[in-house]
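J.: Shown below is the structure under consideration.
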Amino acid sequence: MKIESGNIFINAEVDESLLGGNLIPILFLHGFTGSSSDWKFTAGKLDKRFLLLSIDLIGHGKSSASGEVEYYTAQSISKQIDDVLTALKLQNVIICGYSMGGRAALSYYSAYPANIRGLILESATPGIEEKQLREERIESDELLARKIETGGIEKFGSHWMNLPLFESLKSLPDEKYEQILNSKKDNNPTGLINSLKGFGTGTMPHIWNVLRNMNFPVLLITGEYDHKFTGINKRMAGEILKSSHRIVSECGHNIHLEKPEEFINLVNKYLNDNFF
């Protein structure tokens with residue numbers, strides 16, 4: 001379904017027959033170049049006592065791909081998420097976010113802390129504190145945006161999948177890898193460009209300073225080969241009082257694609273340990 005948020009709309013995938021019941025809602029947020037469909041396998045294997053909702057973040061999937069960068073800021077994305085939850089009359093949600101989706105989940109918590117009862121963060125970061133590192137990341141994202149502008153979305157999709165961060169995805173069966181690669185090429189170039197400009201890791205306000213305020217259970221998941229994000233999440237675990245950090249062996253940044261069964265087992269255990 002399409003839900004209005006100001007002058008744009010956000011696509012939401014949910015079993016409408018389950019709305020209005022007593023199920024605890026879980027909101028799934030995908031990563032950069034992804035979509036709500038990335039979670040289909042995961043959602044199908046999770047505990048049935050939850051209401052499962054996934055959305056396409058702005059610029060992705062079936063949601064609006066506005067040409068205005070202001071719709072892609074952390075503040076605006078948080079408002080869009082809240083508009084979806086409000087329209088569906090969902091409160092006290094658990095959010096499961098991967099990479100950019102994890103940053104969106106943390107940004108939403110910063111803006112609407114009272115509406116969160118749990119977080120599952122896969123390969124996520126609260127942002128960059130150091131000014132110089134932020135500027136370097138903004139410059140890096142500008143270069144990526146120019147690659148889309150000059151080379152087109154298909155060429156960019158291949159470039160993105162060849163980044164060292166996603167090297168371990170190449171160990172997947174050829175058919176599955178090609179499916180992932182082709183899905184990247186279906187993206188809207190304007191949406192990706194403005195996502196990089198408006199909600200890149202260097203652009204989003206970091207929220208390291210609010211992690212200690214979390215008073216709900218948080219599950220942090222990273223891959224063994226993803227040394228950068230494993231280090232970030234070790235630090236996050238030290239800041240978040242009710243957190244657990246799980247490192248999945250023999251995989252990189254995208255655990256729910258590379259090791260889906262291990263990811264699902266971790267999530268189901270977290271849900272059953274903390275909400276029943």
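J.: Helix-only mean residue ellipticity at 222 nm, the chain, DSSP H runs n ≥ 4 weighted -39,500 (n - 2.57), per residue, nearest 500. What is it?
T.: Calculated from helices alone, the mean residue ellipticity at 222 nm is -13000 deg cm²/dmol.
J.: Counting only Cα, what are the radius of gyration and maximum Cα-Cα distance Dmax of the stretch 193-276, in Å?
T.: Using the Cα atoms of the stretch 193-276, the pair Rg, Dmax is 14.4, 42 Å.
J.: Now for a different question. With springs connecting C-alpha atoms under 10 Å apart, model the chain as a Gaussian network and identify which of H253, H206, H227 has the largest mean-square fluctuation.
T.: Between H253, H206, H227, it is H227 that shows the largest mean-square fluctuation.
J.: With springs connecting C-alpha atoms under 10 Å apart, model the chain as a Gaussian network and identify which of N11, N22, N215 has the largest mean-square fluctuation.
T.: Evaluated over the chain, the most mobile residue of the options is N22.
J.: Using only alpha carbon pairs under 8 Å that are at least six residues apart, calculate the relative contact order of the stretch 123-276 and give it in whole percent.
T.: Dividing the mean separation by the residue count of the stretch 123-276 yields 28 percent.
J.: Further question on the same structure: Please find the FRET efficiency linking E178 to E239, where r is the Cβ-Cβ separation and R0 is fixed at 45 Å, and quote it to the nearest 0.05.
T.: E between E178 and E239, to the nearest 0.05, is 0.70.
J.: Now, a different point. Can you match Rg/Rh (Cα atoms, Kirkwood Rh) to one of these, (i) 0.97; (ii) 0.93; (iii) 1.12, based on a calculation from the structure here?
T.: (ii)
J.: Follow-up question, since we're still on this one. Taking the stretch 50-130, which trypsin sites (Lys or Arg not before Pro) meet the DSSP loop condition and have no more than 13 other C-beta atoms within 10 Å?
T.: Counting only loop positions with at most 13 other Cβ atoms within 10 Å, the trypsin sites (Lys or Arg not before Pro) in the stretch 50-130 are K89.
J.: Are any of the pairs K234/K259; K170/K228; K155/K234; K45/K197; K62/K234; K176/K228 more than 28 Å apart by Cα-Cα distance, and if so, which?
T.: Correct reply: K155/K234; K45/K197; K62/K234.
J.: Treating cross-link reach as a plain straight distance, find the aspartates and glutamates whose alpha-carbon is under 17 Å from the alpha-carbon of K242, omitting any fewer than eight places away in the same chain.
T.: Here the aspartates and glutamates satisfying the reach criterion relative to K242 are E122, D273.
J.: Could you tally the net charge around W39, taking each other residue with its Cβ under 12 Å from the Cβ of W39, Lys/Arg +1 and Asp/Glu -1?
T.: Once all neighbours under 12 Å are counted, the net charge is -2.
J.: How big is the Cα convex hull of the stretch 95-227 in projection, averaged over all directions, in nm²?
T.: With the hull built on Cα positions only, its mean projection is 9.0 nm².
J.: For labels at K45 and I247 in the simple 7 Å Cα→Cβ model, what's the distance in nm?
T.: 2.2 nm
J.: Sort 130-137, 109-116 by the packing proxy (mean of other Cβ within 10 Å over each peptide's residues), most packed first.
T.: Averaged packing, sorted descending, gives the order 109-116, 130-137.
J.: Would you mind ranking Y71, Y98 by Cβ crowding within 10 Å, fewest neighbours first?
T.: Lowest count first: Y71, Y98.
J.: What are the residues whose amide H is under 5 Å from the amide H of S5, where those residues sit 5 or more places off or on another chain and H is modelled from the backbone?
T.: Result for S5 returns I10.
J.: How high is the relative contact order of the chain? Use alpha-carbon pairs under 8 Å, at least six apart in sequence, and give a whole percent.
T.: After rounding, I find 20 percent.
J.: With the chain treated as a Gaussian network of Cα nodes joined by springs under 10 Å, which of L211, L29, L220 yields the largest mean-square fluctuation?
T.: In this elastic network of the chain, the residue with the biggest mean-square fluctuation among L211, L29, L220 is L211.
J.: Quick check: net charge around L181, other residues with Cβ under 15 Å of its Cβ, Lys/Arg +1 and Asp/Glu -1?
T.: Net charge in that neighbourhood comes out at -3.
A short reminder: the numbers here are calculations on the coordinates, not readings from a lab. Worth saying up front: this structure is predicted, and the values here are computed from it rather than measured. All Cβ positions, even for glycine, are placed from backbone atoms using ideal geometry, and neighbour counts span all protein chains on display.
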